[in-house]
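Below is one structure, written out as structure tokens, with a few remarks after it.
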Amino acid sequence: MIGLSQIGKIDRIVRRLNDLSQISLTERGVTRLSFTRESENANQLVSRWMEEAGMTVRRDALNNVIGRYEGTQEDASVLLIGSHLDSVIEAGKYDGILGVIVGIEAVQILHENGVQLKHPIEVIGFCDEEGTRFHTTLLGSRAIAGTFREEDLESVDKDGITLARAMREIGMAPSQYRLAARDPRSILGYLELHIEQGPVLEKKNQACSAVSGIAGQSRLEFRVEGLAGHAGTVPVTMRQDALAGTAEIIQTVERIALQYESLVATVGKLNVYPGASNVIPGLVEGTLDLRSINDPTRKEALSRILEECQQIANRRKLTCEFRPVLESPAVPCSSHFISIIESVLEDHYMEPLRLVSGAGHDAMAVAAITDIGMIFVRCKDGLSHHPDEFASPDDIKSGLSVLLNTILKITA
Ligand SMILES: [Zn+2]
């Protein structure tokens, strides 16, 4: 085991996080969209750090930056470590980036100590996880997993520029995207360190955890229709108030969600029509988002919600329709990797915690071709996708040590 004392200070990580955060379209927070001048500058900086860490660096056919640290055994499968370099609008400086920089640091520590493992390691900075620019997520990691689709190239940004054109503008050949796909037989596994983006580690007073998997998700749009009318003249008992019905629906969603340990449910958006203070709402459109690591739980909860919403609508003489928008199954982390990460946590006198990731990550896509393992690092107030996002240097150091020792155990 490499102990925290051997890791020493982590000034280099902190400096790199700051340097990378400077490459931003906006003054406020970090805005780094894929296939832009900012992403090019970030790729160049990250490439330089990878070289300093003893890696040979290349870009693949989708502009993912990949640094390779050779192993001692020829033909040994490669351990991938990655996360993303793109961001949302006015993001923080840790989401995604931290996993890449800590991955580079882990390799640099091996390199500086003259340690070469049996297996090669590749650190990947994925080009586009958030989907901020082209509204299609996990572009980089899906290309590596071979699940990138031809039609993804036709996705357009807000200025009508297609992904294919954006790629050509930085000198890439979009039609070559298939070359980014990796052969599963050549890969040992994939590890990703990421800030938690939630409040659980802070509540548990612990720096890091393992991740059991990435939650499956159902996203739906709904429409509740009643009858608009005069807010002054129609007695409350005689109304078909779509918003009052929706309020009951939202409470039902919350009540059902609370009955399952591993379920979160959110009504995140409502449009009320006609939307006037003196008119009874005749129509409400909204969204429902349901997530769980347990797919049967999510499906059961969803069918209960749909059934109860129908009953509410009937009782209130409203019509209520749900339309599925997205359905993605849970992606479990490898139980082998989870138990290794848990044992490493115990070596660090931490509880072998495993959290569910309610957010999507590159690991989700990579899971199509290899075993995945994830390490979460505590972030302040669980805040993410915000300029005030923060992970403390001490917690990052713990994360680095957990990642490094996990690498050692996996490749042993
Ligand atoms: Zn992220």
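A short reminder: the numbers here are calculations on the coordinates, not readings from a lab. None of the values given here were measured: they were computed from a predicted structure. Glycine gets a Cβ as well: all are built from the backbone with ideal geometry, and neighbour counts include every protein chain shown.
See the values below:
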item: Gyration tensor (alpha-carbon) shape descriptor, region 89-159, a/c threshold 1.5; result: oblate
item: Additional length obtainable on full extension of the chain from E52 to Q22, 0.36 nm per residue less Cα span; result: 8.8 nm
item: Segment S339-Q44, length gained on full extension (0.36 nm per residue, minus Cα span); result: 102.6 nm
item: Tail fraction, Cα-Cα pairs, region 216-328, threshold 19 Å, whole percent; result: 44 percent
item: Pairwise FRET efficiency - H385 versus E254, Cβ, R0 = 25 Å, nearest 0.05; result: 0.60
item: Exposure proxy ranking, count of Cβ atoms within 10 Å, fewest first, for E151, E105; result: E151, E105
item: Radius 10 Å from Cβ of T36, net charge of other residues (Lys, Arg +1; Asp, Glu -1); result: -2
item: Angstrom value of the Kirkwood radius, inverse mean 1/r, which spans all Cα pairs in the chain; result: 22.8 Å
item: Two-site FRET efficiency, L270 against E321, from Cβ-Cβ distance with R₀ of 22 Å, rounded to 0.05; result: 0.90
item: Which of M172, M50 has the fewest Cβ neighbours within 10 Å, and the rest in rising order; result: M172, M50
item: Where the Cα pairs of region 1-121 fall when distances are cut into 10 Å bins, in %; result: 13, 43, 31, 12, 1
item: Antiparallel bridge percentage (DSSP; both residues within the chain; nearest 5); result: 70 percent
item: Normalised per residue, the volume of the convex hull around the Cα set of region 265-382 (Å³); result: 161 Å³
item: Cα-based helix-to-principal-axis angle, 335-347 vs the chain, degrees rounded to 10; result: 70 degrees
item: In order through region 170-177: 3J(HN,Hα) via Karplus (6.51 cos²θ - 1.76 cosθ + 1.60), integer Hz, x for Gly, Pro; result: 9, x, 9, 9, x, 5, 8, 3
item: Efficiency of FRET from Cβ geometry, E351 and I7, R₀ 22 Å, rounded to 0.05; result: 0.60
item: Which of I214, I341 has the fewest Cβ neighbours within 10 Å, and the rest in rising order; result: I214, I341
item: Flagged links, alpha-carbon separation over 26 Å, of K158/K299; K9/K380; K158/K380; K118/K204; K9/K93; K203/K409; result: K158/K299; K158/K380; K118/K204; K203/K409
